[in-house]
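Working notes, beginning with the structure itself.
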Amino acid sequence: MKKPEELMYDFRSGSEIAFEYVMKEHLHALTFHAYKICRDKETAEEIVADTFSKLWQRKENFADETKIKSFLYITTRNACFDYLKSAVQRAKSLAMELDNDLILRETDPLTHLIHAEVIKLVFKEIKNLPERQQDVFKMVYFEGLTTDEICDRLSVTPNAVFVAKKKALAIIRKVFAGKDPFTYLILTTLFLD
């Protein structure tokens, strides 16, 4: 086991091994912390994954593990509070969407056709992703698996799932951002919210 100073040096230098160590040290407690606030397992996992992404992006700013821990918990807490604030707005929007959906369900088969076409386009683009990114994207968005379930199925670390998902989303977003705005809007409501 390395000394804390060496570990932090490796972490700031971009060592994935050091990053995985930090993740293993904090992942479960941080996910539990997020779950206690937002009361939704998948949301808690997403918030924690985003928090680790932010940590990685700012890795050179941390002098010791105490600062990392503070950053992780404060960032997670704030993201959970943002989620709760937006949940009220989403509930209002969802109620309006459900009303509209009930009205349109029988009268607008075109909406269903458009959604089906966008999903076909997504599947086509997913086939262009590297295999690991394809697998992770499908497991997250089509099978609804959690990070832990994907780790078990693929025998990989949470960090590997996190990285594959982020890269896949970035590629899909980039591809569809260049298409017509209507298609991109539908895509973001279906998968990338």
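Could you work out how much longer the chain between GLU6 and SER155 gets when fully extended? Use 0.36 nm per residue separation minus the Cα distance between them, nm to one decimal.
Gain in length upon complete extension: 50.8 nm.
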| request: Per residue of the stretch 17-29, in order, report the coupling 6.51 cos²θ - 1.76 cosθ + 1.60 (Karplus, θ = phi - 60°) as ³J(HN,Hα) in whole Hz, putting x for Gly and Pro. | output: 5, 5, 5, 4, 4, 4, 4, 4, 5, 10, 4, 5, 5
| field | Residues ASP50 and LYS138, FRET efficiency given R0 of 22 Å [Cβ-Cβ distance, rounded to 0.05] | value | 0.60
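Read-outs: derived from the displayed coordinates by stated rules, not from any lab. Here the structure is a predicted model, which is why all the values come from computation and not from measurement. Note that we place each Cβ from the backbone using ideal geometry, even for glycine, and neighbour counts take in every protein chain shown.
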